[in-house]
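Just below is one structure, and these are the notes that go with it.
The values are calculated or read from the model by the stated rules, or taken from the named source; none is laboratory data. Predicted model, so just to flag it, every value in this text is computed and none were measured. Ideal geometry is used to build each Cβ from the backbone, glycine not excepted, and the neighbour counts take in all protein chains shown. These accessible areas exclude ligands, DNA and RNA; they are computed on the full protein's heavy atoms, side chains included. Shrake-Rupley method; radii C 1.70, N 1.55, O 1.52, S 1.80 Å.
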Amino acid sequence: MEESQIKQIIEQQPLHGSALLDPRCKILLLVCIGFVSYFLAGEVVSLALMLVYGLFIAVGNGGKWALKMIVVYIIVAYLNALLRYVQVPVLSVIMSVFGVTLLKLIPIVMMGLWILRTTYMDDLMVALQRMRLPQAVTIPLVVMFRYIPTLRIEYRQIRSTMDIRGISDTWWKRVSHPLATIEYILIPLLMRCLKVTDELAASGTTRGLELECKRYALRPIRFSWPEILVSLLGVLFLAALLFLDQTRIGEIILWRV
């Protein structure tokens, strides 16, 4: 393939902004966010974490996704604040722990799913290979990244089949009729998962996933100055949040009902 054709293919890719960063930079930020999120206790610093990285995602093909996750975070935070007024001996503790855990997971989910949507598998494979990771690590990671979007597609197809047959699928029916949920959704999804596993294995073999030779990608994969700058700023920002969390700023109660 000629160089002009390669440049034309790269220009047609819909990614822009932070979505064009090296996959290693994205994974580094994800690991740091996951580490810091579970150690932050203050409400102000936790919201700052969501807003800043939501803005980071918004400039990289993720504006709607970042806005949706920030709204979900605020709703969950307010619901968690309401639990302060519920005085049920065991249920209050369980729901409070569940709400706090959910608040810790939302930034990780926001960043992780954005990485899945904006990272090509070829780019990820090349980046992991340049980190000199063994294939026992790279292949499961690549398959996992490819498997999660496939599950969403399969679930949508099951929902479409249910609509064609006149079977509605709502949250209330899932809760009120758990056996029907297992019969109509979980069992078909498990059967499709088994088939998709074989298909992904065959696809990986066809593309030479097990070959140990040096790999290349259409888009240049380099951990250059933009990646170094973003990584340093991201780590410094997270370190600043950990420091501020130990001050009076971390004691401010933001979510009041």
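Couple of notes before you dig in:
- Rh by Kirkwood over Cα pairs, then Stokes-Einstein D for the stretch 98-142 at 1.002 mPa s and 20 °C, µm²/s: 176 µm²/s
- Cα pair distances exceeding 12 angstrom across the stretch 218-257, given as percent: 71 percent
- Accessible area per residue for the stretch 43-91 is 56 Å², calculated with a 1.4 Å probe on protein heavy atoms, without ligands, DNA or RNA.
- Net charge of the neighbourhood of LEU49, taken over other residues with C-beta under 13 Å away and scored Lys/Arg +1, Asp/Glu -1, is -1.
- Rg to Rh quotient for the stretch 7-102, alpha carbon positions, Kirkwood Rh: 1.12
- Sites ILE253 and ALA202, calculated FRET efficiency, Cβ-Cβ separation with R0 41 Å, nearest 0.05: 0.15
- Rh (Kirkwood; distinct C-alpha pairs) - the stretch 66-173, Å: 17.6 Å
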